Amino acid sequence: MKLQNLFCLGVMALTLSACASDMFVVLPHEDGSVGSVVVHQNGKDTVLDKANSAVKGGDSQAFTLASADVDQRFGRVLTQLPPAARSYTLYFKEGTAILEPASAPVMEDMRKDVAARTAGEIMVIGHTDRVGNLNNNDLLAYSRALSISDVLIESGIPRDTVIVAGRGEREPLVPTDDEVEEPRNRRVEISVR
């Protein structure tokens, strides 16, 4: 499980704990998948790894809350949570900041997602393959990220919510030797929170 998901899960458990007299509950993600958390109390570990699994403070016996009970206890808190973070990857033509045609639908989905959020942060990170020299790839990666940032800002996204970075060839999606073309490394990754 990604560190970000573990952090969110931990925050959720603590939030629910504060609202429910020391009760820890694991809720499913939007896609129905379930993470896990270990609650350590009184020298015992209780693993919560099923949807709506719970443990009360001071107790080590896990149980499952009915969905209606989760809604009743935590519904107000859950409706106040921001939308889950989403990631998008856009691919570029070799040596350019021009999107591959197949990335157009992803770009449109990302723009809709960003526009639907009332606040947040958008991280735009550009990458290249390992063809060319390091300095040129750094500039190209940043140029790719900046081109996507510009599109977002032009569509009304506040400039101060967009963070732009270029990683060049340093973080390949597909590891290759130097001077090996790899289209999947010519990308911009966007994280919308």
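Each reported figure results from applying straightforward, stated rules to the coordinates on display, with no laboratory input. Please read all numbers here as calculations on a predicted model, not as lab measurements. So basically every Cβ, Gly included, is an ideal-geometry build from the backbone, and we count neighbours across all protein chains shown.
At-a-glance table
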read-out	value
Cα-projected label distance for Ser60 with Ala116, points at 7 Å along beta-carbon direction, nm	4.4 nm
Net lengthening on full extension, Thr89/Ile163 (0.36 nm per residue, minus Cα-Cα)	25.1 nm
At 1.002 mPa s and 20 °C, Stokes diffusion of the chain via Kirkwood alpha-carbon radius, µm² per second	112 µm²/s
Rg/Rg_ref, the range 65-140, where Rg_ref = 2.2 N^0.38 Å and atoms are Cα	1.70
Neighbourhood net charge (13 Å Cβ-Cβ; Lys/Arg +1, Asp/Glu -1) for Asn52	-1
Least to most buried among His29, His40 (fewest other Cβ within 10 Å first)	His40, His29
